[in-house]
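Each remark here refers to the structure printed beneath this line.
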Amino acid sequence: MIVLWTALGCAQGHLRWEGGDDVLRTALVQETTDGGLPHLTVVLSNSTFACDLPTDPDPVAQTQALLDLSTAACREGAEHVLIELWRADGQDWQGVYTGDPEAGPALLGAERTHLADASWYGIDEAALASTRDFVRTYGVTLSGTHRFDHIGEGGEVELLDGEGTRGRFDFPDASLSGRFQAERCEPGASLFALLANSPVAACPVVGT
């Protein structure tokens, strides 16, 4: 296991899907509660994000930082994975979570103590949306994106530490697997909330 994580170098993990693979440049986790029970959300991407939105006092720098975020979300080849985990035992996060597209606190009980579900968003084709003052912004084409919600069926997630920051996942129905070593975000982190809602929601649609 030591060799595995050392080999990742500066990357936060690795993502593999049918026909492709890439290193993770973002791996973030946030712990909250759902229905009064522990809930962990994991945001993974081959683009670079932080827990919070940039706040630069220089308006030009702030504008550029927000444009960079848009490019990271909407660029061609971007892949974003959201994993949600629920546990019923009140202990730490380490363990194996069974994939279930209906996962949630209502399904937890004595026989089902660890559940997982996931969604996967990707940009297969992007196009130039605008150019202004040498700054380019990118959008997505209607036919050039993919989104797969609730891909947990038959899959599993294993967390390798009690903090829930290291793990592996395999969702065979979506041919999606990988591993991660994540940074923890505080509850209410501004950018994390947007990413966990939908990392591509703000991508402009261009073309037909």
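Take the conditions at pLDDT 95 or above, of a type in the set (A, V, I, L, M), surrounded by 15 or more Cβ atoms within 10 Å (Cβ to Cβ) and under 21 Å from D149 (Cα atoms) and apply them to A118. Does it pass? When the stated conditions are applied, A118 passes them.
In the stretch 173-185, of all residues being touching an Asp or Glu at 6+ places or on another chain (Cβ under 9 Å) and not small (G, A, S), the one that is surrounded by the most Cβ atoms within 10 Å (Cβ to Cβ) corresponds to C185. Of all residues in the stretch 104-117, those that are under 24 Å from R168 (Cβ atoms) have Cβ atoms under 6 Å from Cβ atoms of residues that are among the basic types (K, R) and assigned to a strand (DSSP E or B), 6 or more apart or on another chain, in H114/R87.
Would you mind stating whether W17 is at pLDDT 95 or above and either of a type outside the set (G, A, S) or under 19 Å from G164 (Cα atoms) (or both)?
Judged against the criteria, W17 is a match.
Looking only at residues in the stretch 150-172 that are part of a loop (DSSP other than H, G, I, E, B) and of a type in the set (V, I, T), the one that is surrounded by the most Cβ atoms within 10 Å (Cβ to Cβ) is I151.
The rows are residues; the columns are (1) within 14 Å of the chain's Cα centre (by Cα); (2) surrounded by fewer than 17 Cβ atoms within 10 Å (Cβ to Cβ).
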| residue | (1), (2) |
| --- | --- |
| T55 | no, yes |
| A65 | no, yes |
| D68 | no, yes |
| E79 | yes, no |
| Y97 | no, no |
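Taken as a whole, the condition of being touching a helix residue (DSSP H, G or I) at 6+ places or on another chain (Cβ under 8 Å), at pLDDT below 75 and surrounded by 13 or more Cβ atoms within 10 Å (Cβ to Cβ) does not apply to T141.
Could you tell me whether the stretch 66-79 includes any residue that is in a loop (DSSP other than H, G, I, E, B), touching a residue at least 60 places away in the same chain (Cβ under 8 Å) and closer than 17 Å to P187 by Cα? Within the stretch 66-79, not a single residue is in a loop (DSSP other than H, G, I, E, B), touching a residue at least 60 places away in the same chain (Cβ under 8 Å) and closer than 17 Å to P187 by Cα. Note on the stretch 22-53: residues that are assigned to a loop (DSSP other than H, G, I, E, B) and in contact (Cβ under 8 Å) with a residue 60 or more places away in the chain total 7.
For the stretch 14-42, a residue qualifies if it is closer than 21 Å to A103 by Cα and aliphatic (A, V, I, L, M), and the qualifying residues are L28, V29, L37, L40, V42.
The values are calculated or read from the model by the stated rules, or taken from the named source; none is laboratory data. The model shown is predicted, which means the values in this text are computed figures rather than measured ones. FYI the Cβ positions are ideal-geometry reconstructions off the backbone, even for glycines, and counts take in every protein chain you see.
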